[in-house]
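First the structure, in the form of structure tokens, and then the observations on it.
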Amino acid sequence: MNNKNNQYDPQVVQNFFDNVYIDRGMIKWQGFFLSDHTVAIKRKRNDNKIFYEQKIPPRMKQGEIRLKVARAYEEQLLVEIQLNECNRDLLFENAIKSRIKGFNEDSVYLGDGKFVSISMMRSIRLANNGKG
């Protein structure tokens, strides 16, 4: 602006932007990230890390599963059953550790009213501590 009559002077404005004003670019926008955004970004990064580092046992054939179920039941061995189901984050749930209390052609009884369908099992393995 011109100081004498307070008129708009485009040359003064242009001079200001050309010689005085320094555009900070992305630096000024980074200040607008809220802590909630930062936490969400870190959580997503952590979820991705868990997803890609998850150790998923290979899928066993149902015949192999039935043989292990029969052996574990007969010898009362502790087993780890990995179900072939993912949660909403596409992660497999933790394996079920239990002894097999009974079984038939289609399902396994783990006790406490808990049945697991053999067709829903991804794998079954004998737990390290076996009998106990």
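Identify, from the list Lys49, Lys97, the residue that is in contact (Cβ under 8 Å) with a residue 12 or more places away in the chain and of a type outside the set (Ser, Thr, Tyr). Exactly one residue qualifies, and that residue is Lys97.
Looking across the range 62-91, the residues that are more than 14 Å from Arg125 (Cβ to Cβ) and either assigned to a loop (DSSP other than H, G, I, E, B) or under 21 Å from the mean Cα position of the chain (by Cα) (or both) come down to Gln76, Asn84, Glu85, Cys86, Asn87, Arg88, Asp89, Leu90, Leu91.
In this structure, is Glu74 acidic (Asp, Glu) and surrounded by fewer than 11 Cβ atoms within 10 Å (Cβ to Cβ)?
yes
Every read-out reported here was derived from the displayed coordinates using simple, explicitly stated rules and does not represent laboratory data. Everything numeric in this text was worked out from a predicted model, so none of it was measured. Note that each Cβ is placed from the backbone with ideal geometry, even for glycine, and that neighbours are counted across all protein chains shown.
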